[in-house]
Amino acid sequence: MKTTPAAPGGNAPEPRMYRVVADSIQTLIAAEGIQPGQRLPAERDLSARLGVSRASLREALIALELGGVVEVRSGSGVYVSALAGGASQAPEVGPGPFEVLAARRMIETEVAGIAAKMATDSAIDAILTAVLEMERDHEDRAGNEQADRNFHMALARATGNTALVGAVDYLWNQRGTLWHKLKEHFQTEELRKQTLIDHRNILAAIAAHDVAGARHAMRTHLERVTRTFSRA
């Protein structure tokens, strides 16, 4: 069985926030006798009762779904799974999606600004190519996802800083099982269309070598993604 390495000095590592919240949800399910097939309280109520943000709650619920504890029914609510057993729990599946998004807002916002300052004509062409690929593959989810990654990696390469390329690549590699399950349930067509517009705005700012504009456009884009995935 895979174990999490101990922290330096022999201390156990701090559990991820979504695991802590997931444990609290399971305690609440047991304390209130919520049976398989029954609906959990609404996310707004759960968030208030547990004293956590909507984003942390949503990550925990998705993790519990992956562990077979609950079933998330988009547009209906969250239900205790008919398959849930006493040993079921939220698995440890890497950093939470909102943790990754927060890091991306910090790093990719600055990447966009540096790209606006440093981008060569060929670098701008590579960013444009990724935008066109994403628009072409709008209805092809796998192709669209790859083009989205290509866009952000092209921005990183436009900085001319290989350490930033590695940092952006690392962050995109953290978009694991939790992220994809979150997208499956909560991504909207409105967000997918707006992402294309956001990418065009980022490209325009970089092509104009508008550093502040590029930072603003990237921050706006990633904040939009965060809001969509965390709202009711």
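The values are calculated or read from the model by the stated rules, or taken from the named source; none is laboratory data. What you are looking at is a predicted structure, and each value in this text was computed from that prediction instead of being measured. Virtual Cβ from ideal backbone geometry, glycine too; neighbours counted across all protein chains shown. Side chains included, ligands, DNA and RNA excluded: accessible areas come from the protein's heavy atoms. Shrake-Rupley method; radii C 1.70, N 1.55, O 1.52, S 1.80 Å.
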### Task
May I ask for the angle, rounded to the nearest 10°, between helix 177-186 and the longest principal axis of the chain, with both axes built from Cα atoms and the value confined to 0 to 90°?
90
### Message
From the phi angles alone, apply the Karplus equation (6.51, -1.76, 1.60; θ = phi - 60°) to the stretch 211-219 and give each ³J(HN,Hα) in whole Hz, x where the residue is Gly or Pro.
### Response
4, 5, x, 5, 4, 4, 5, 5, 4
### Query
Angle, helix 162-173 long axis vs. longest principal axis of the chain, Cα atoms, 0 to 90°, nearest 10?
30
### Task
Compute the Rg to Rh ratio over the chain from the alpha carbon atoms, using the Kirkwood formula for Rh, and round to two decimal places.
1.03
## Note on the structure
Share of accessible surface on carbon and sulfur in the chain, whole %, 1.4 Å probe and ligands ignored, is 52
### Message
With n ≥ 4 as the cut-off for DSSP H runs, can you work out [θ] at 222 nm for the chain, using -39500 (n - 2.57) per run divided by the number of residues, rounded to the nearest 500?
### Response
-21500 deg cm²/dmol
### Query
Put a dot 7 Å past each Cα toward the Cβ at ARG44 and GLN194; how far apart are the dots in nm?
1.9
### Query
What accessible area per residue, rounded to a whole number of Å², is obtained for the stretch 172-232 using a probe radius of 1.4 Å?
47
### Task
Note the angle between two axes, namely the Cα long axis of helix 121-136 and the longest principal axis of the Cα atoms of the chain, as a number of degrees from 0 to 90, rounded to the nearest 10.
50
